[in-house]
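The values are calculated or read from the model by the stated rules, or taken from the named source; none is laboratory data. Quantities reported herein were computed from a predicted structural model and do not represent experimental measurements. As a convention, Cβ positions derive from the backbone with ideal geometry for all residues, glycine included, and neighbour counts pool all protein chains shown. We work out accessible area using only protein heavy atoms, side chains counted, and drop any ligands, DNA or RNA first. Shrake-Rupley method; radii C 1.70, N 1.55, O 1.52, S 1.80 Å.
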Amino acid sequence: MRPILIVARLTLREAVRRKLVAAFFVITVAMVSLSAWGFDRLSHSRSITSGEVGIALPQSLILFMFMFSFVLALSASAIASPAVSAEVESGALQTVVARPIRRSEVLLGKWLGLATVVAGYAIVVVALELAVVDWVSGFVPPNPVAVAAYIFAEGAVLLTLVLLISTRLSTIATGVIGVALFGSAWMGGVVGALGASFNISALKTVGQVSRYVMPTDGLWHGAIYYLEPSSVIAQRLSEPGGEGGNPFFAVAAPSWEYLLWASIWFVAVLVASLVSFERREL
């Protein structure tokens, strides 16, 4: 366990040295500041009723959280893509694995260090955004802890997949593929929402399958559900076609069967990463 922790600490130090943490901070402050202004204008608007404000606030918060989850996903892809490939190309890993340390310990240490960065960002950004929204508008979502957990899980899933790809492909190719897979999963969710809206079974099937092939969109909908007050969900369900058609609405939290599948998917990809790295020639 000690070698894993040492590699994790070095990975965290490298993330700080490359100014990744500073970049996260600047982007987060800019986006939170923008959201503070927007929520203040919305909550004090005289052109809409209080009932409309009650609906608009959670929907606006979901949109801002989507931006944060998108930044988190892109960041996870950016920091994981060079984790193995760049060090193989530079020859740095040859020095590391020549010491009495297993390749599996190196990879798990890197994953732990990068996952710590992702978790820290998810916790900080959710806490900061929700605190600002509460301050300017008084709105607090039903379960902030679950929101942070699902957003972190979304980033961890993509991080693990990109780490697997990094054991085989170059840094640039890995980063591009990671972003493309994340975008494809989200588009699959949009297609599924359109299928539910227009009752097209083929499109609904595409959306359902994509959530199992790449669980990021399904986990994101878990975050959406816990950002919505029960009154908003009830009102949306009372409308014709309210159960579908909106990619930023979730009628229910992910089922335990889906969460079990996402866990199995995560473990399988992590194990595949270890096997792939063990078999790669340095």
Can you compute the modelled spin-label distance between Thr205 and Ile6, with each label point 7 Å from Cα toward Cβ, in nm?
5.4 nm
At a Förster radius of 45 Å, what calculated FRET efficiency corresponds to the Cβ-Cβ distance of His44 and Val124, to the nearest 0.05?
0.95
Per-residue HN-Hα couplings for the range 127-134, Karplus 6.51 cos²θ - 1.76 cosθ + 1.60 at θ = phi - 60°, whole Hz, x for Gly and Pro?
4, 5, 5, 5, 5, 5, 5, 4
Not counting ligands, DNA or RNA, and with a 1.4 Å probe, what is Leu274's accessible surface area in Å² rounded to the nearest 10?
40 Å²
SASA check, Leu114, accessible area w/ 1.4 Å probe, all protein chains in place, rounded to nearest 10 Å², comes out at 10 Å²
Classify the range 80-226 as rounded, prolate or oblate from the Cα gyration tensor: take a ≥ b ≥ c as the square roots of its eigenvalues, call it rounded if a/c is under 1.5, otherwise prolate when a/b beats b/c and oblate if not.
oblate
Using the heavy atoms of the protein chains and a 1.4 angstrom probe, tell me the accessible area per residue for the chain in square angstrom.
49 Å²
Need one number for the chain: average projected area of the convex hull over its C-alpha atoms, nm².
15.7 nm²
Quick check: residue separation of Trp256 and Val53 times 0.36 nm, minus the Cα distance between them. What number comes out in nm?
69.8 nm
Any chance you could run the full-extension gain for Trp135 through Arg17? It's 0.36 nm times the residue separation minus the Cα-Cα distance, nm to one decimal.
39.1 nm
Hey, if we sort Thr216, Thr205 by accessible area with the 1.4 Å probe, largest down, what's the order?
Thr205, Thr216
Which parts of the range 55-69 would a label at Ser197 reach, counting a residue when its backbone N lies under 20 Å from a point 7 Å out along Cα-to-Cβ?
55-67
For the range 145-251, report the convex hull volume of the alpha-carbon atoms normalised per residue, in Å³, without decimals.
84 Å³
In deg cm²/dmol, rounded to 500, what helix-only [θ] at 222 nm does the chain give when every DSSP H run of at least 4 residues adds -39500 (n - 2.57) and the total is split over its residues?
-27500 deg cm²/dmol
Please report, as a whole percent, how much of the solvent-accessible surface of the chain comes from carbon and sulfur atoms (probe radius 1.4 Å).
68 percent
Given R₀ = 25 Å, FRET efficiency for Leu34-Ser230 by Cβ-Cβ distance, to 0.05?
0.35
Per the Kirkwood formula over distinct C-alpha pairs, the hydrodynamic radius of the range 12-61 in angstrom is 13.0 Å
Label-point gap, in nm, between Asn143 and Leu237 - each point 7 angstrom along Cα→Cβ
1.5 nm
